[in-house]
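The values are calculated or read from the model by the stated rules, or taken from the named source; none is laboratory data. What you see is a predicted model, and the numbers here were worked out from it, not measured in a lab. Here Cβ is always computed from backbone atoms with ideal geometry, including for glycine, and neighbour counts include all displayed protein chains.
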Amino acid sequence: MPNRLIVDQVCEGSNCQRDRGYCTLREILTHFGHSEIRTPGDNTCHNGGVCSLKEKILQTDFTDKTLTQLKCLEFFKYVESRYQSRDIGWNNAFELWVERGHAIAFTEIYDIDSPKKPRDIYREVMSRPIQAPVT
């Protein structure tokens, strides 16, 4: 079960908090094992309300490390999609994340005993040279 602070950090700055429809937690839950969560009505964190998706994700078996890496992957997906002028999708983003060695870099950087915000970890991952894929 994830830590509430990590879930809050994953949500930090999300569009759902600005009433624009996109929600990080909905994306994570939909694309990583909880496809029944699709409707905007599942997210009630607008105007300071309680976010039902936060409560749902707190009941999952996601670890803090997994949620943090998924948030980093979301940053990567956004940047890479802008670079390619198209939405590259979660699956392609995940493949590129692994192929370029970002998953390994994340594992080396992530420290459960001294947690950093996902954005800070992402920046550190991206500051490392891209690794050639292992064949």
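From the residues in the range 91-127 that are hydroxyl-bearing (Ser, Thr, Tyr) and without any contact (Cβ under 8 Å) to a residue 40 or more places away in the chain, which one is nearest to LYS77 (Cα to Cα)?
That would be SER127.
Of the numbered conditions (1) at pLDDT 90 or above; (2) more than 16 Å from THR24 (Cα to Cα), PRO133 fails exactly one; give the number of that condition.
Evaluating PRO133 over (1) at pLDDT 90 or above; (2) more than 16 Å from THR24 (Cα to Cα) leaves (1) as the failure.
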